[in-house]
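Presented below is the structure to which this report refers.
The values are calculated or read from the model by the stated rules, or taken from the named source; none is laboratory data. On a predicted model such as this, the values are computed, not experimentally measured, just so you know. Cβ placement follows ideal geometry from the backbone for every residue including glycine, while neighbour counts extend to all protein chains displayed. Accessible surface areas use protein heavy atoms only, side chains included; no ligands, DNA or RNA. Shrake-Rupley method; radii C 1.70, N 1.55, O 1.52, S 1.80 Å.
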Amino acid sequence: MTTQADISAEIAAISEQYAASGTTENGVRLDYPPYRSSLLRHPTKSPVQVDPEGIERWSPVFGERDVGPLESDLTIQRSGEPLGERIKVTGRVTDSDGRPVRRQLVEIWQANAGGRYVHQRDQHPAPLDPNFIGMGRCLTDDDGSYVFTTIKPGPYPWRNHHNAWRPAHIHFSLFGTDFTQRLVTQMYFPGDPLFALDPIYQSIVDPKARERLVATYDHDVTEAEWCTGYRWDIVLSGAAGTPLEEEHA
Amino acid sequence: MTTPGQTVGPFFAFGLEYDGDSALVPPGTPGAVRLFGRVLDGDGDPVPDALVELWQADAEGRVVQEPGSLRRDGHTFTGWGRAATDRTGTYSFTTLAPADPPYFALCLFARGLLDRLFTRAYLPGHQPEGPLSSLVATEDPHGYRFDIVLQGDGETVFLDHRRTQD
């Protein structure tokens, strides 16, 4: 049976190779063997470079009819209060030029405070919380800002190897102004002791790049007698559609 | 610096799926077509925990900029949808054939896939030349079929869009 020590050794070897390479990788690797499920699920050929055209230079539009104002509060979706640490998570969605991504959809999903997902295939013997579903949506505002109220998720075990545990995280799904900016990622919490052990987090081999997935505790977001606050800004790749936007301006 | 991606994981269903997600038009709509296919891994086995997103022009070739994809009203065509694969690795959309460009832009997510992948499914009869020539859906009694092979024999051509700014 593969142990954490085996996985940690693989992670360390890849990390050393990367450090010695002298290159900088800003993204995540698709081929990252310590994450066993990626072995048969990563392409082996390089992607074909294309110029985005037509439809790819636009994104679908979401509006008030898609997302209700209460859907950003994951603590009020049932009749009672969910258990756990109430938190607020907020930040801005921008493109790589710093332009806010306005009025665009943000979707999140997560485990409950005990590390259990509302999913029939989640077999972790931690309790479900009848007052917590763990999914939310919102639209960014004109400044590109989003805000969710939720419960801090717990870490949870998975079966990548023996005694594998994921650091606590919230899944985020984001759209930009172009289809090509689509991003699904995970937000982590500062100081998690599981970071070094987790092959999904470590699949971003550049230390600075993976730190961009870690939220910051922000006392200005924390609300007295109510909840603690975290800030996490998201930068989507550059919008290829700029020339087209100018044509239509 | 851009924010890196991470896998959608195994438990996205309750977060991302919703009623009507894969039905861009109601069944029985005049001109409705089905775009479907299987998502397969490097052993040729189905991927039952993948999510395919579709974005397309409408039947007149317009880029639709209308809200309502998450709560469809039954008559506004929004051009966007998502379909999770079932236990046979099959995804399926009910939609309209786009006029121009003559392809469905697709974005793929899955457990085990650390970042999203982009590709295009061209309509039968609109095969592109060059490196994208394999990206054509086939006409099938059940609709337009477009399988997505993540790895190995018949690996799907995935796209890296050049950026004017990054």
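Being of a type in the set (S, T, N, Q) and within 11 Å of another protein chain (Cβ to nearest Cβ) is the requirement here; does B:Thr119 meet it? So B:Thr119 passes the test.
Of all residues in segment A:96-120, those that are more than 9 Å from chain B (Cβ to nearest Cβ) and in contact (Cβ under 8 Å) with a residue 60 or more places away in the chain total 4.
So, of the residues in segment B:22-72 that are among the small types (Gly, Ala, Ser), more than 7 Å from chain A (Cβ to nearest Cβ) and touching a residue at least 60 places away in the same chain (Cβ under 8 Å), which turns out to be farthest from A:Phe179 (Cα to Cα)?
B:Gly44
Does B:Ala57 count as in a loop (DSSP other than H, G, I, E, B), surrounded by fewer than 20 Cβ atoms within 10 Å (Cβ to Cβ) and over 11 Å from the mean Cα position of the chain (by Cα)? No: the conditions fail for B:Ala57.
Checking each residue of segment A:149-159 against the condition of being buried (at least 22 other Cβ atoms within 10 Å of the Cβ), at pLDDT below 95 and farther than 21 Å from B:Asp115 by Cβ gives no match. Does B:Gly125 fit the bill of being open to solvent by less than 10 Å² (accessible area, probe 1.4 Å), among the small types (Gly, Ala, Ser) and either at the interface with chain A (Cβ under 8 Å from one of its Cβ atoms) or without any contact (Cβ under 8 Å) to a residue 24 or more places away in the chain (or both)? It is false that B:Gly125 is open to solvent by less than 10 Å² (accessible area, probe 1.4 Å), among the small types (Gly, Ala, Ser) and either at the interface with chain A (Cβ under 8 Å from one of its Cβ atoms) or without any contact (Cβ under 8 Å) to a residue 24 or more places away in the chain (or both).
All of A:Val61, A:Val93 fail the test of being within 12 Å of another protein chain (Cβ to nearest Cβ), of a type in the set (A, V, I, L, M) and open to solvent by 40 Å² or more (accessible area, probe 1.4 Å), apart from A:Val61. Kindly provide the set of residues from segment A:160-172 that are surrounded by fewer than 22 Cβ atoms within 10 Å (Cβ to Cβ) and touching a Gly at 6+ places or on another chain (Cβ under 9 Å), ordered by number. A:Trp165, A:Ala168, listed by residue number.
Checking each residue of segment A:208-215 against the condition of being within 10 Å of chain B (Cβ to nearest Cβ), open to solvent by less than 10 Å² (accessible area, probe 1.4 Å) and farther than 17 Å from A:Tyr146 by Cα gives at least one match. In the list B:Phe93, B:Phe158, B:Phe77, B:Phe118, which residue meets the criterion of being over 29 Å from A:Glu64 (Cα atoms) and either of a type in the set (A, V, I, L, M) or modelled with pLDDT of 95 or more (or both)? Result of the check over B:Phe93, B:Phe158, B:Phe77, B:Phe118: B:Phe158. Just one of the numbered conditions (1) out of contact with any Cys (no Cβ under 7 Å at 6 or more places or on another chain); (2) within 28 Å of B:Asp100 (Cβ to Cβ) is not true of B:Gly42: (2).
Could you grab me the full set of residues in segment A:188-238 that are part of a strand (DSSP E or B) and among the charged types (D, E, K, R)?
Hits for segment A:188-238 are A:Glu223, A:Arg231.
Restricting to segment A:172-187, and then to whatever is part of a strand (DSSP E or B) and either more than 8 Å from chain B (Cβ to nearest Cβ) or in contact (Cβ under 8 Å) with a residue 60 or more places away in the chain (or both), can you tell me which residue is nearest to A:Leu74 (Cα to Cα)?
A:Phe172
The single residue among A:Pro43, A:Pro52 that is touching a residue at least 12 places away in the same chain (Cβ under 8 Å), at the interface with chain B (Cβ under 8 Å from one of its Cβ atoms) and touching a His at 6+ places or on another chain (Cβ under 8 Å) turns out to be A:Pro52.
Restricting to segment A:96-121, what's the tally of residues that are of a type in the set (A, V, I, L, M), open to solvent by less than 50 Å² (accessible area, probe 1.4 Å) and not in a strand (DSSP E or B)?
3
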